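Below is one structure; the comments refer to it alone.
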Amino acid sequence: MPNSKNAAKRAKTSEKSRQRNAETKSALKTLRKGLLAAVAENAAPKTQDAYRAFCAALDKAVKHGIIAKNTSIRKKARAAALLRKSAAK
């Protein structure tokens, strides 16, 4: 229970931020799963679209402070390596 009016407002905004962050992180996981599924199917155009969507979502999450910049870079590098590996097959 907040002790002051300001603490109550802060708790309210923190809860909104927490929900928004959880929603975005969940969407990132869904996009990643879509990318993995596209790679498993070996459908080149679908894979490229999924990769672009995943990278765009990561960049937006970084811009809004939901994930760290290096986390985004690491996830994009791993996704790109996966694409290269699937293209080499």
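None of the figures in this text is laboratory data; all of them are computed from the coordinates on show. All of these numbers come straight from a predicted model, not from anything done at the bench. Neighbour counts run over all protein chains shown; Cβ positions are idealised from the backbone, glycine included.
Pick from the range 40-67 the residues that are more than 18 Å from residue 23 (Cβ to Cβ) and among the small types (Gly, Ala, Ser): which of them is nearest to the chain's Cα centre (by Cα)? First the steps, then the outcome.
First pass over the range 40-67, keeping only residues more than 18 Å from residue 23 (Cβ to Cβ): 40-52, 55.
So of that shortlist, the ones also among the small types (Gly, Ala, Ser) come out as 40, 43-44, 50.
Working: 40: 20, 43: 22, 44: 22, 50: 12 Å.
Of everything passing the filter in the range 40-67, 50 is nearest to the chain's Cα centre (by Cα).
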Of the residues in the range 49-71, those that are assigned to a helix (DSSP H, G or I), surrounded by fewer than 13 Cβ atoms within 10 Å (Cβ to Cβ) and not charged (D, E, K, R) come to 56, 70
Taking first residues from the range 73-89 that are assigned to a helix (DSSP H, G or I) and second residues anywhere that are aromatic (Phe, Trp, Tyr), the pairs with Cβ under 9 Å that are 6 or more apart or on different chains are 75/54; 76/51; 76/54; 79/51; 79/54; 80/51; 82/51; 83/51
Selection over the range 1-45 where residues are out of contact with any Asp or Glu (no Cβ under 9 Å at 6 or more places or on another chain), closer than 14 Å to residue 79 by Cβ, surrounded by 13 or more Cβ atoms within 10 Å (Cβ to Cβ) and without any contact (Cβ under 8 Å) to a residue 24 or more places away in the chain yields a count of 2
